[in-house]
Amino acid sequence: MVVIGRNEGERLARCLASAISMRPWPGPMEMVYVDSGSSDGSPEAATAAGVRVIRLNSNHPTAALGRNAGWRAAGNADFILFLDGDTLLDPDFPGAALAAMQANPDVAAVWGHRREINPAQSIYTRVFDLDWIYPPGNSAFCGGDVLMRRDVLESAGGYDEELIAGEEPELCRRMCAGGWRILHIDHAMTGHDLGMTSFRQYWMRSKRTGYALAKVSARFRHTQEPLWREESRNNLVRGFFWLLSPLASLPIAAALRSTWPIGLWLAGLALAAARSAWRARWKTRSLWTLALYGVHSHLQQIPILLGQLRYWLDRYRGLRRGLIEYR
């Protein structure tokens with residue numbers, strides 16, 4: 001079991017406690033915590049919990065770097081369970097994931113349901129909670145919490161340490177290219193503590209998403225099976241529209257001495273949000289949550305766009321960006 005974290009504080013303590021309390025595993029288990037330069041005593045807390053600690057010494061720490069350091073330093077286990085340090089492990093998930101993997105020898109990775117521990121924490125946590133919900137079955141990707149076959153992980157070369165986000169779908173892309181499947185099972189996996197209470201956090205997390213979107217899509221752009229190419233293009237269109245359209249409505253309203261251009265823009269946003277909310281109605285019965293999610297689905301396109309543009313600017317300048325933290 002490899003847990004990664006950076007300044008998770010009490011969240012890490014809860015994560016390790018939940019991992020230690022998992023249902024009996026059919027065989028020996030080793031726990032490794034990889035720390036990416038915490039200054040809050042996280043490594044000491046993990047040591048006190050009896051967990052092996054690896055401290056990364058890198059000017060450009062990434063989740064991928066941490067996960068690779070963890071599984072490569074561990075013993076010769078056949079399976080690696082990855083966890084983020086801000087999660088709580090469902091005690092029955094490892095056994096359920098192992099059973100699913102053993103029943104499907106062509107499956108390289110198994111993941112389950114991740115949900116927010118406290119979705120009512122803020123409007124931001126509420127909408128991101130719905131982003132974790134996916135239908136079970138074969139999947140093109142997984143998240144940070146996942147059970148993987150070690151031999152497939154090794155043959156794929158592990159996670160790409162150059163990516164500051166999006167490293168899991170990129171790895172899954174390479175695994176699937178090798179003939180393996182990614183399986184999402186209908187089972188609780190982890191509870192997540194997003195800890196997002198401000199618009200700035202929301203903005204920075206979305207920018208990180210855009211940066212990863214641009215970098216991963218650029219990497220596979222000229223391959224036979226491009227990854228995130230359509231998502232990247234769609235964001236460019238939608239992001240520029242939602243960024244420029246309100247700016248255009250203001251001078252038009254001033255020139256016409258009327259508020260109808262602004263009202264027309266707001267009506268367009270409301271209709272687009274309602275359409276997105278309707279499509280996501282299978283995820284929740286809360287009308288308030290669906291309304292927030294509908295607006296979020298469109299307005300987040302702006303910071304995602306800015307993240308994409310930042311990647312291309314960094315690439316033009318030959319810069320290597322480190323973590324884009326939102327907490």
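Summary table
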{"quantity": "Residue under evaluation M189, criteria (1) in the same structural domain as L236 (by TED's automatic domain parsing); (2) under 20 Å from H113 (Cβ atoms); (3) of a type outside the set (G, A, S), criterion not met", "calculated": "(1)"}
{"quantity": "Filter result for F220 (modelled with pLDDT of 95 or more, surrounded by 12 or more Cβ atoms within 10 Å (Cβ to Cβ) and on the phi < 0 side of the Ramachandran plot)", "calculated": "no"}
{"quantity": "Qualifying residues in the range 47-85 (those that are under 23 Å from the mean Cα position of the chain (by Cα) and free of Cβ contacts under 8 Å to residues at least 60 places away in the same chain) - the one farthest from G112 (Cα to Cα)", "calculated": "S58"}
{"quantity": "Check on W242, more than 25 Å from I324 (Cα to Cα), of a type in the set (A, V, I, L, M, F, W, C) and either surrounded by fewer than 14 Cβ atoms within 10 Å (Cβ to Cβ) or touching a residue at least 40 places away in the same chain (Cβ under 8 Å) (or both)", "calculated": "no"}
{"quantity": "Residue count for the range 57-89, restricted to those that are of a type in the set (A, V, I, L, M) and surrounded by fewer than 17 Cβ atoms within 10 Å (Cβ to Cβ)", "calculated": "2"}
{"quantity": "So A108, is it buried (at least 23 other Cβ atoms within 10 Å of the Cβ), in the same structural domain as E170 (by TED's automatic domain parsing) and touching a residue at least 60 places away in the same chain (Cβ under 8 Å)", "calculated": "yes"}
{"quantity": "The range 297-327 - residue that is more than 26 Å from T62 (Cβ to Cβ) and of a type outside the set (A, V, I, L, M) and, of those, farthest from the chain's Cα centre (by Cα)", "calculated": "H298"}
{"quantity": "Matching residues, the range 171-192, being within 16 Å of the chain's Cα centre (by Cα) and farther than 17 Å from R150 by Cα", "calculated": "H184, M189, T190, G191, H192"}
{"quantity": "Residue check for A177: without any contact (Cβ under 8 Å) to a residue 60 or more places away in the chain, crowded, with 18+ Cβ neighbours inside 10 Å and more than 23 Å from Q301 (Cα to Cα)", "calculated": "no"}
{"quantity": "Qualifying residues in the range 158-167 (those that are at pLDDT below 95 and of a type outside the set (A, V, I, L, M)) - the one nearest to D314 (Cα to Cα)", "calculated": "E162"}
{"quantity": "Positions within the range 213-229 being in a helix (DSSP H, G or I) and closer than 17 Å to L306 by Cα, in sequence order", "calculated": "L213, A214, K215, V216, S217, A218, R229"}
{"quantity": "Residue that is modelled with the lowest pLDDT, among those in the range 6-30 that are small (G, A, S) and at positive phi", "calculated": "G27"}
{"quantity": "Flag if Y211 is in contact with an Asp or Glu (Cβ under 9 Å, 6 or more places away or on another chain) and either hydrophobic (A, V, I, L, M, F, W, C) or under 28 Å from A73 (Cα atoms) (or both)", "calculated": "no"}
{"quantity": "Filter result (surrounded by fewer than 22 Cβ atoms within 10 Å (Cβ to Cβ) and touching an Asp or Glu at 6+ places or on another chain (Cβ under 9 Å)) within the range 184-196", "calculated": "H187, A188, G191, D193, G195"}
{"quantity": "When residues of the range 1-15 are limited to those that are surrounded by 14 or more Cβ atoms within 10 Å (Cβ to Cβ) and without any contact (Cβ under 8 Å) to a residue 60 or more places away in the chain, the one farthest from F82 (Cα to Cα)", "calculated": "G9"}
{"quantity": "Residue check, A270 under 19 Å from R238 (Cβ atoms) and over 24 Å from the mean Cα position of the chain (by Cα)", "calculated": "yes"}
{"quantity": "Positions within the range 30-56 being surrounded by fewer than 17 Cβ atoms within 10 Å (Cβ to Cβ) and within 11 Å of N7 (Cβ to Cβ), in sequence order", "calculated": "G37, S39, D40, G41"}
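Matching residues to (1) under 30 Å from A177 (Cβ atoms); (2) surrounded by fewer than 18 Cβ atoms within 10 Å (Cβ to Cβ):
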{"site": "S198", "(1), (2)": "no, yes"}
{"site": "S206", "(1), (2)": "yes, no"}
{"site": "L227", "(1), (2)": "yes, no"}
{"site": "R238", "(1), (2)": "yes, no"}
{"site": "L247", "(1), (2)": "no, yes"}
{"site": "L256", "(1), (2)": "no, yes"}
{"site": "P261", "(1), (2)": "no, no"}
{"site": "W265", "(1), (2)": "no, no"}
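The values are calculated or read from the model by the stated rules, or taken from the named source; none is laboratory data. Everything quoted here is computed from the prediction, not taken from an experiment. Because the Cβ atoms are built from the backbone with ideal geometry, glycine has one as well, and the counts that use them run over all protein chains shown.
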